[in-house]
Amino acid sequence: MQAKNRIHITVYILIFTLSTLYLPDGFAQEPHTFFDLPEGARARLGKGLIYDVKYSVNGRQLAMATSNGIWIYDAITFQPQHLLTKTHSHVEQLLFSPDGQRLVSLDARGNVNLWNSKTGEYQYQLIDKDNIQDHLHAHNDIQTIGITPDAEMLVTVDKAGYIKHWSLDSGEKQHEIDKSKELRRGVRSYGISPVDMLLATGISNNNGDKVELWDLISGERVHTLEVDEAWPERLVFSPDGTMLSCSGIFSAATLWNTKTWKQIHIFGGMIGGSNNIAFSPEGSLIAVGTLFNTIGIYQISPVAGKQMLNGHSERVQSISFSPGMRSIASGSLDGTFRVWDVATGKNRHIEKEHFGDFSCFAFSPDGKFIVSPSDDSYMCLWDTATGKLLKTYNSGRQSSVSDVVFSPDGRTIVTASHNGTIRLWDRNKIRRGKTLEVDKKDVWCVAYSPDGKTLVMGCDDRTVLMWDAETYQRKRTFRGHVNRIKEVVYSPDGNTVAVVGHSATIRLWDVVTGERKPSINELQIKNIMCVAYNPDGKTLAIAEQPGSIYLLDTSTHKVNTQFKQPQLSVWCLAYSPDGKTLAVGYSQGKINILNAKTGAVLQTFSGGGNTIVQLEFAAFGTTLASLDARGQLLLWELE
């Protein structure tokens, strides 16, 4: 018997060893970090901020709409099965087809995409061929989606007020109802009944707050419901279509009978999030997320409190019941999704590191750490070598962070915010230190001088401010820019600050005298996007739209070299620490590593189709970090 057990143990160890043999170094314990990475990428930092959660029809899969894409997990083992990244904006609504074969997504730009939920294979995007020009330039602006009970048709309602019916199999438009006069103005929220194809629209205007009900097949209005909720934000039908939940921004959820339109009950507590009300599959229970980070489960008939789920430390974004009604999945701004036992209220599983939608990032001076503020309330500190999340800093959701930088000694993290504050954080103590008030101006960018004694920041009022980093007193103000400032960069010797404005201009300022240096604009460089100093200080790289890079001699202020890339749109630049290579990010989602002298392409990465908005090398030079327009942070390994 013991010999047999030894054989089993040996086989298990062999299987486990083989399963981890080909994982990237340091990432064996974090499958999301390397799962389905673009070619050449070494790690993904964060799984993405959660926007919606849905169980599949059979309960075997759990789909998670995040800023990084749509994760599909095994609902039993919670191992990732697919990461769907075809969309170029975060997904706000998920919908499984009644037969469970398809997953439909609606993104923030109003585009609808479909996948095979089993294989993860992409199928199509809804495109109105009768209105192709608008699709190419203004997006579809679809506001809500529904599937007919027979799984034959997909129904959409767009911002212009058009109800459209599409073949679920082919994606071709079958029918269109023009309700632009009725559904165009004042609509704040939408909800679709999965049974009788009834559309609910929440309206708030000078005439008051109300919910209008529309037949999606005929396009006729069937009822108007006067509601007490100010600004009705969330409308959710029960699975059988017999109940409608309505809640405002800070109001409780009111439950209505859709046959008699009589009020059933008002569920107390303030509701928070955008998808945080859910009915159980057979409609006997309702789960309500609150601004107090809890989830209440209530029995509907007769009304009774069943469970209060506690565990999330931030607002609950989305809730979904499993088909068997044994579990509830919830996603929160605290970077976790949790699975709860409905009967006991106990937390069965926690999936962490669902942070994302990062607005910017910065490497520590030694390259060992990388900090990334999220577009919600958190800032994450990562280990560059392993991709492990080390710490989170909670900024309290006062304002989004526009830029972040480490002090040259690596001890302090500085963030600039759109509410006009500069905050200093102790890297080791996970707490906020000094806060600088910048006259209530929006601060768009911030940089440390190489010696760490000065902070420079660019503001929306077209000024550049210099502060003493030790006394926190203002030292100097640079004026004369014609638009708000989007980038400030110190020269390596600390004597010059290069300032890029949103008017696509650049100016150089002498830090010592406060005088403006010779104008680079006289060189006829137009549409300047960004700049980067070579670490030797002798060259300033200037990116011009659509696809040119100029190398400026900093002593003569003359252009020595120009790299032309007419088919690409340059968005950001970064020099390697040795100055021999130049990383270029493009709006096409591509990254080129160029020879810094000749412009020859040494290596190319594809970031997934989203605009690359920021690039930075780690101090040791072999790791490059990129941030794309949807807030996804990737690490790349250079040859």
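The values are calculated or read from the model by the stated rules, or taken from the named source; none is laboratory data. All values derive from a computational prediction rather than experimental measurement. All Cβ positions, glycine included, derive from the backbone under ideal geometry; neighbour counts span all protein chains shown. Calculation scope for accessible area: heavy atoms of the full protein, side chains included, ligands and nucleic acids excluded. Shrake-Rupley method; radii C 1.70, N 1.55, O 1.52, S 1.80 Å.
Between the stretch 399-416 and the stretch 348-385, how many Å separate their Cα centres?
So the separation of the two Cα centres works out to 13 Å.
Once phi is turned into θ = phi - 60°, what whole-Hz ³J(HN,Hα) does the Karplus curve with 6.51, -1.76 and 1.60 give for every residue of the stretch 496-502, x standing for Gly and Pro?
10, 10, 8, 10, 10, x, 6
For the stretch 236-357, what relative contact order do you get, as a whole percent, if you take Cα pairs closer than 8 Å and at least 6 residues apart? Mind showing how you got there, number by number?
Working: 302 pairs, mean separation 18.8, N = 122.
Here the relative contact order equals 15 percent.
The list [x] 32.2; [y] 26.7; [z] 24.0 gives values of Kirkwood radius over Cα pairs in Å, and only one came from this structure; which label was calculated from it?
So the calculated entry is the one marked [y].
Using only the alpha-carbon atoms, how far is helix 2-21 inclined from the longest principal axis of the chain? Give it as 0 to 90 degrees, nearest 10.
60
What is the calculated FRET efficiency for S170 to E470, with r their C-beta to C-beta distance and R₀ = 51 Å, to the nearest 0.05?
Working: r = 66 Å, r/R0 = 1.30.
About 0.15, to the nearest 0.05.
Volume per residue, Å³, of the convex hull around the alpha-carbon atoms of the stretch 72-114? Walk me through the numbers before you get to the answer.
On the way: hull volume 3.5 nm³, N = 43.
Cα-based convex hull of the stretch 72-114, divided per residue, equals 81 Å³.
Among N116, H90, A362, whose Cα sits farthest toward the positive end of the charge dipole of the chain (+1 at Cβ of Lys/Arg, -1 at Cβ of Asp/Glu, about the Cα centre)?
Result: A362, furthest along the dipole toward the positive end.
Got a number for carbon plus sulfur as a percent of the stretch 164-218's accessible area, 1.4 Å probe?
On the way: 950 of 2610 Å².
Ligands and nucleic acids excluded, carbon and sulfur reach 36 percent.
Residues of the chain: accessible area per residue at 1.4 Å, in Å²?
On the way: 27260 Å² over 639 residues.
Spelled out: the 1.4 Å probe surface of the chain, per residue, equals 43 Å².
Give, in nm to one decimal, the length gained when the segment between F620 and K368 is fully stretched (0.36 nm per residue of separation minus the Cα-Cα distance). Please report the intermediate quantities before stating the final value.
Details: separation 252, 0.36 × 252 = 90.72 nm, distance 0.91 nm.
Length difference between fully extended and current span is 89.8 nm.
Could you give the dipole magnitude of the stretch 380-489 about its Cα centre, charging the beta-carbon of Lys and Arg +1 and that of Asp and Glu -1, in debye to the nearest 20? Can you show the working numbers first?
On the way: 20 positive and 13 negative charges, 49 e Å.
Around 240 debye, computed over the stretch 380-489.
Run the numbers on the chain and let me know its relative contact order in percent, using alpha-carbon pairs under 8 Å that are six or more apart. Working shown, then result.
Details: 1729 pairs, mean separation 49.9, N = 639.
8 percent.
What does the net charge come to around V414 if you take all other residues with beta carbon closer than 10 Å to its beta carbon, with K and R at +1 and D and E at -1? Display every interim value, and only then the final one.
On the way: positive: R423, K434; negative: D403.
Spelling it out: positives minus negatives among the neighbours equals +1.
In deg cm²/dmol, rounded to 500, what helix-only [θ] at 222 nm does the chain give when every DSSP H run of at least 4 residues adds -39500 (n - 2.57) and the total is split over its residues?
Numbers: 4 runs with 35 residues, N = 639.
After summing the helix terms and dividing by the residues of the chain, the value is -1500 deg cm²/dmol.
Sort 597-603, 79-85, 53-59 by the packing proxy (mean of other Cβ within 10 Å over each peptide's residues), most packed first.
Details: 597-603: 13.9, 79-85: 18.3, 53-59: 20.3.
Highest-to-lowest ranking by the protection proxy: 53-59, 79-85, 597-603.
Once amide H atoms are placed 1.01 Å from N in the peptide plane, what residues at a sequence separation of 5 or more from T336, or on another chain, have their amide H within under 5 Å of its amide H?
Here H354 satisfy the definition.
Pull up all non-local amide H partners of L95: gap of 5 or more, or a different chain, and H-to-H distance under 5 Å with H placed in the peptide plane.
Residues meeting the criterion, in which the H sits 1.01 Å from N, are V104.
Normalised by the number of residues in the stretch 275-325, what is the relative contact order in percent for Cα pairs under 8 Å and 6+ residues apart? Present the calculation step by step, with values, prior to reporting the outcome.
Working: 105 pairs, mean separation 20.3, N = 51.
In percent, rounded to a whole number, it is 40.
Using just the C-alpha positions of the stretch 404-538 as equal point scatterers, what log10 of I(q)/I(0) does the Debye formula give at each q in 0.16, 0.21 1/Å?
-0.79, -1.32
For the stretch 486-588, with equal point scatterers placed on the C-alpha atoms only and solvent neglected, what are the log10 I(q)/I(0) values from the Debye formula at q = 0.14, 0.15, 0.19, 0.23 1/Å, to two decimals?
Log-scaled intensity ratios, in q order: -0.48, -0.55, -0.91, -1.36.
Any chance you could run the full-extension gain for A504 through E226? It's 0.36 nm times the residue separation minus the Cα-Cα distance, nm to one decimal. List each step's numbers first, then the result.
On the way: separation 278, 0.36 × 278 = 100.08 nm, distance 5.00 nm.
Once the chain is fully extended between A504 and E226, it gains 95.1 nm.
Carbon and sulfur together cover what percent of the accessible area of the stretch 345-458 at a 1.4 Å probe radius? Present the calculation step by step, with values, prior to reporting the outcome.
Working: 1900 of 4430 Å².
Whole-percent figure for carbon plus sulfur exposure: 43.
Can you give the extra length, in nm with one decimal, that the chain gains between K453 and V482 once fully stretched, where that is 0.36 nm per residue apart less the Cα-Cα distance?
Details: separation 29, 0.36 × 29 = 10.44 nm, distance 2.81 nm.
Contour length minus the Cα-Cα distance gives 7.6 nm.
Between the alpha-carbon centers of the stretch 551-578 and the stretch 187-245, tell me the distance in whole angstrom.
Here the answer is 55 Å between Cα centres.
Compute the distance from the alpha-carbon center of the stretch 613-630 to that of the stretch 290-307, in whole Å.
Going from one Cα centre to the other spans 45 Å.
Given the C-alpha atoms of the stretch 88-215, compute the convex hull and give its volume per residue in Å³.
110
Give me the Kirkwood hydrodynamic radius of the stretch 263-414, using the inverse of the mean 1/r over all pairs of distinct Cα atoms, in Å to one decimal.
Working: mean 1/r = 0.0583 Å⁻¹.
Over the stretch 263-414, the inverse of the mean reciprocal pair distance is 17.1 Å.
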